Amino acid sequence: MTLNVGVIGVGMIGQDHIRRITHVVSGARISAVADVDFDRAKSVAADLPSAKALQTGEELINDSEVDAIVVASWGPTHEEYVLASIAAGKQVFCEKPLATTREACERILDAEVASGKRHVMVGFMRRYDDAYRAMKATIDGGEIGAPLMFHSGHRNPSVPGHYTSDMIINDTCVHDVDVARFLLSDEIVSVRVLTARKNSLASDHLTDPVLFIFEMAGGALVDVEASINIQYAYDIRGEVVGESGTVELAESNTVVVKKNGQYGGRVPEDWRERFIRAYDTEFQEWIIAASKGESTGPSSWDGYAATVVCDAAAEAYRSGGKVSITMRDKPDLYTTGGTGASTGTD
Ligand code: NAD
Ligand code: ISE
């Protein structure tokens, strides 16, 4: 069976996912696209063998030639499309964030729980990255003892002009929040935010860099350096310190070049390069599950938890103090099943 996928939002990542569904992974094809920029939707559809351009996301979700949906529009628009997909009884892959407020995420949790089954997978692709998976296997296998600290570095060479200071929390650090929950199999219970001397290369309206300190329920500490104008490359770093050892992400280049008395290797240009295999694996697993009407991987609960933590981080940033985090009880729907990339706190 070929899964007919409709994509809402055909900007940078939407087009990258269309490329991988069309040319890289198997079992699916793009049958429809929609974008508020209808000319962009038409131009993307024109390059695809079997896709039509539709005016609205709602039309796409309810189209009989769409079996499953990818939401890759801007964050504040995700809630309505995810809710409409659940209402239509269709599987939906939603790029992060699941939604931009705690309340919106709770409406999604309520709708999915009421439907009686999982429909939603959230695009936390780091859970599909070979290196992060190997880190998790090392920790879960007890090789470094009980984890005490996780140091995470998230460095973007630059950000687009529309990027605002709150996006360093909701758009960038949200990945570190999710991967901390995934690696440590624990929930975050408090957050503090510190700002360093401003990078003079950042736009006037941006705070950059930012240091986040998270406390996990089990007592481990997580620090996240988020830098969004680091210039030299896209550099993702991570090390977990355990009671008797450490595990860290290795450099991601495959070769070392030695010349002129020095050695070096490539650092990725952006997230599309750094996580290319992770996105491929993520989509292959989503297609396999969605074709059976099932959902695995990062769930609405994971999307909710990440948004709640980001809300608290925004408050900690404004107040300068430590903010405690509380979440609603986890519904049974999110405590069973899934793959190694599923809910980090099962
Ligand atoms: P983008 O601006 O390049 O593209 C977004 C597209 O959505 C645009 O074409 C825009 O016209 C369209 N759009 C906006 N509102 C819409 C609406 N209501 N209905 C239909 N279309 C709408 O942005 P992007 O960088 O591709 O990011 C899109 C989403 O993907 C964001 O949620 C972002 O956080 C996420 N993202 C995730 C990763 C990752 O590593 N997982 C990387 C980049 C972006
Ligand atoms: C972007 O939206 C992403 O999701 C990237 O993975 C992240 O590194 C970047 O900071 C975000 O802006």
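The values are calculated or read from the model by the stated rules, or taken from the named source; none is laboratory data. From a predicted model like this one, the values you see are computed outputs, not experimental measurements. So basically every Cβ, Gly included, is an ideal-geometry build from the backbone, and we count neighbours across all protein chains shown. Side chains are part of the model used for accessible areas, which takes the heavy atoms of the whole protein and leaves out ligands, DNA and RNA. Shrake-Rupley method; radii C 1.70, N 1.55, O 1.52, S 1.80 Å.
Can you confirm whether Ser190 is more than 9 Å from ligand 2 (Cβ to nearest atom), in contact with a Leu (Cβ under 6 Å, 6 or more places away or on another chain) and of a type in the set (Ser, Thr, Tyr)?
No, not satisfied.
Does the stretch 129-144 contain at least one residue that is within 16 Å of ligand 1 (Cβ to nearest atom), in contact with a helix residue (DSSP H, G or I) (Cβ under 8 Å, 6 or more places away or on another chain), hydrophobic (A, V, I, L, M, F, W, C) and open to solvent by less than 60 Å² (accessible area, probe 1.4 Å)?
No, the stretch 129-144 has no match at all.
Examine the stretch 217-231 for a residue that is surrounded by fewer than 16 Cβ atoms within 10 Å (Cβ to Cβ), of a type in the set (Val, Ile, Thr) and touching a Ser or Thr at 6+ places or on another chain (Cβ under 7 Å), and state whether such a residue exists.
No.
What do you reckon, is Ser324 of a type in the set (Ser, Thr, Tyr), touching a helix residue (DSSP H, G or I) at 6+ places or on another chain (Cβ under 9 Å) and crowded, with 20+ Cβ neighbours inside 10 Å?
It is false that Ser324 is of a type in the set (Ser, Thr, Tyr), touching a helix residue (DSSP H, G or I) at 6+ places or on another chain (Cβ under 9 Å) and crowded, with 20+ Cβ neighbours inside 10 Å.
Being open to solvent by less than 40 Å² (accessible area, probe 1.4 Å) and more than 16 Å from ligand 2 (Cβ to nearest atom) narrows it down to one residue among Leu98, Leu148, Leu48; which is it?
Exactly one of Leu98, Leu148, Leu48 is open to solvent by less than 40 Å² (accessible area, probe 1.4 Å) and more than 16 Å from ligand 2 (Cβ to nearest atom), namely Leu48.
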